[in-house]
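Visitor: Just passing along the structure, written as structure tokens.
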Amino acid sequence: MRTLVIGDIHGAHAALLEVLERARVTPDDLLIFLGDYADRGKHTPEVLDELIALQQTHQVIYLRGNHDALCCDFLLGKPMSDLWRSHGGKATEEAYRYYTKEEKQPHIDFLQSLKNYLLDGQNRLFLHAGFTDRGGVKYEFFTENFYWDRTLWELALATPEDMPPTDPYYPKRLSLYKEIYIGHTPTLNYGTDAPMCRHHIWNLDTGAGFNKRLTIMDIETKAYWQAPVNE
């Protein structure tokens, strides 16, 4: 059995189908989705339908992204802010224009069921964004940080790559887990559409929300597959 982790999807339904095919995913694989299924792309409803159906045939774990939390609020009737609309919400608003309350309900149920993080038996952490408490995720006071925080990734980038964990100045947050898998901050910001790794933190947001690439990775071998987004 492989453990496969999937980065931000952002409404890219065709790319989701393609990347699962390229990785030759089977029901024996464990699939961990890092969140941000919604917004930016045109096909958020189709992505959510696909993920809901996938639960019936595969071993899956779905984590919550910030766009998923916002999408859930929207489907529940909360007004969409101009800021969110300009950062991807407009596509979601248009995609659901003709959906009835009854048709929205399975998507609401799915979005409300998402987990904030997963910590596996090998001390590997999976979450959408990050955490801020030096003691780790179990001590995080503001749970929204799990899908909004960017400081964990910025800390990893700012810490010299050759600094050993035994150094007294090595950041405590970077020493807690064997590996951490996140999305949230596009690697496009750093000039690449490939996964990035700094201090055992893997960033798999490779720009699906900006019509670039969707990524799935085997966490044991670090082999990965990508599909272009053309939506």
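Visitor: Just how large is the dipole of the stretch 115-156 about the Cα centre, in debye to the nearest 20, putting +1 at every Lys and Arg Cβ and -1 at every Asp and Glu Cβ?
Guide: Dipole about the Cα centre, nearest 20: 120 debye.
Visitor: What is the extension gain from S113 to T192, computed as 0.36 nm multiplied by their sequence separation minus the C-alpha to C-alpha distance, in nm to one decimal?
Guide: 25.2 nm
Visitor: Placing +1 on the Cβ of each Lys and Arg and -1 on the Cβ of each Asp and Glu in the chain, which of T26, H107, I180 has its Cα farthest towards the positive end of the resulting dipole?
Guide: I180
Visitor: On alpha carbon coordinates alone, what is the Rg over Rh value for the chain, Rh being the Kirkwood radius?
Guide: 0.96
Visitor: Between the stretch 1-44 and the stretch 130-194, what is the separation of their alpha carbon centroids in Å?
Guide: After rounding, the separation between the Cα centres reads 23 Å.
Visitor: Could you tell me which of rounded, prolate or oblate describes the stretch 132-171, using a ≥ b ≥ c as the square roots of the eigenvalues of the alpha-carbon gyration tensor, with rounded for a/c under 1.5 and, failing that, prolate when a/b is larger than b/c and oblate otherwise?
Guide: Judged from the Cα gyration tensor, the stretch 132-171 comes out oblate (a/c at least 1.5, b/c at or above a/b).
Visitor: So what's the angle, to the nearest 10 degrees on a 0 to 90 scale, between helix 66-75 and the longest Cα principal axis of the chain?
Guide: With rounding to tens, the tilt is 20 degrees.
Visitor: So, one more: If we sort 194-201, 12-19 on the protection proxy, mean other Cβ atoms within 10 Å, highest first, what's the order?
Guide: 12-19, 194-201
Visitor: Still on this model: Compare the Cα positions of G11, G35, N123 along the charge dipole of the stretch 1-124 (+1 at Cβ of Lys, Arg; -1 at Cβ of Asp, Glu; about the Cα centre) and return the one farthest towards the positive end.
Guide: Checked the options; the winner is N123.
Visitor: If the cut-off is a Cα-Cα distance under 13 Å, which aspartates and glutamates reach K104, setting aside same-chain residues fewer than 8 apart in sequence?
Guide: Hits, sequence-local ones excluded: E46, D49, D73, E93.
Visitor: Between R24 and E93, what FRET efficiency comes out of the Förster formula 1/(1 + (r/R0)^6) with R0 = 22 Å and r the beta carbon distance, rounded to 0.05?
Guide: The value I calculate is 0.05.
Visitor: Might you report the magnitude of the Cβ-based charge dipole of the stretch 154-231 about its Cα centre, with Lys and Arg at +1 and Asp and Glu at -1, to the nearest 20 debye?
Guide: 100 debye
Visitor: In nm, give the distance between the simple-model label positions of S81 and T100, each being 7 Å from the Cα along the Cα-to-Cβ direction.
Guide: With each label placed 7 Å out from Cα toward Cβ, I get 3.3 nm.
Visitor: Normalised radius of gyration for the stretch 104-231, please: alpha carbon Rg relative to 2.2 N^0.38 Å, two decimal places.
Guide: 1.11
Visitor: Taking the Cα centre as origin and putting +1 on Lys and Arg beta-carbons and -1 on Asp and Glu beta-carbons, what dipole magnitude results for the chain, to the nearest 20 debye?
Guide: That gives a dipole near 280 debye.
Visitor: Now for a separate question. Any chance you could give the angle, 0 to 90 degrees and rounded to 10, that helix 101-112 forms with the longest Cα principal axis of the chain?
Guide: 10 degrees
Visitor: What aspartates and glutamates does K90 reach when the alpha-carbon gap must be under 13 Å and sequence neighbours fewer than 8 apart in one chain are set aside?
Guide: Cross-link targets: D39, D82.
Bear in mind these aren't lab numbers, they're just calculated from the coordinates by the rules spelled out. Computed from a prediction, not measured in an experiment: that's the story for all the values here. Backbone-built Cβ (ideal geometry, glycine too); neighbour counts: all protein chains shown.
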